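Participant: Pasting a structure below so you can have a look.
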Amino acid sequence: MPDVTSTVRAVVEPILDGLGLELFDLELRGGTLRLTVEKPGGVDLDDLSIATRSVSRALDAADPIPGRYTLEVSSPGLERPLRTPAHFAWARGRDVVVKTTPGEDGVRRIAGVVLDVDDDGVRIAPNDGGSEVALRYDEIQRARTVFAWGPAPKPGAKEAR
């Protein structure tokens, strides 16, 4: 028998695909069902509004979640949480910050670039120039991509044209 999140995924993915959106993440925690969606060029408020209404109607009809829940549909944002092997695969070559689980040997916070990903874990090249770090997924407490902001313009400087 499939679990609730698998059933919800089977209901919402075809709807989102039809709207030109991709399901980046699905999380059911407590009384909140959180769907994170994306599309090439970015997601706007109209996309989120239409997706929320369409998904809500489909979930009401299918009723895969027992009891009451709150539906949240959002974009992943600039700094995306990484929770699954697919998320880490997407982040290959990108800057990330990883916090390891308590009790693991070594540094608990690693900032670097994702080098490689497989079914068991991820390899990261630390920004501090240290040795490459290999982590199993069960050793990772939290991880997210890091957006590198460009330098701020100098006060009073004219814009480049």
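Participant: Can you tell me which residue is farthest from P14 (Cα to Cα) among those in the range 30-68 that are of a type in the set (S, T, N, Q) and out of contact with any helix residue (DSSP H, G or I) (no Cβ under 7 Å at 6 or more places or on another chain)?
Facilitator: Among those that are of a type in the set (S, T, N, Q) and out of contact with any helix residue (DSSP H, G or I) (no Cβ under 7 Å at 6 or more places or on another chain), it is T32.
Participant: May I ask you to verify whether D119 is in a loop (DSSP other than H, G, I, E, B), under 18 Å from the mean Cα position of the chain (by Cα) and modelled with pLDDT of 90 or more?
Facilitator: Yes, satisfied.
Participant: Tell me, yes or no, whether the range 133-140 has at least one residue that is among the aromatic types (F, W, Y) and without any contact (Cβ under 8 Å) to a residue 12 or more places away in the chain.
Facilitator: No, the range 133-140 contains no residue that is among the aromatic types (F, W, Y) and without any contact (Cβ under 8 Å) to a residue 12 or more places away in the chain.
Participant: Could you please find all residues in the range 105-136 being in contact with a strand residue (DSSP E or B) (Cβ under 7 Å, 6 or more places away or on another chain) and under 17 Å from A148 (Cβ atoms)?
Facilitator: The answer is I110, A111, G112, V113, V114, I124, A125, P126, N127.
Participant: Evaluate the range 79-94: report whether one residue or more is at pLDDT 90 or above and more than 14 Å from the chain's Cα centre (by Cα).
Facilitator: Among the residues of the range 79-94, at least one is at pLDDT 90 or above and more than 14 Å from the chain's Cα centre (by Cα), which makes the answer yes.
The values are calculated or read from the model by the stated rules, or taken from the named source; none is laboratory data. What you see is a predicted model; the values in this text were computed from it and never measured. Because the Cβ atoms are built from the backbone with ideal geometry, glycine has one as well, and the counts that use them run over all protein chains shown.
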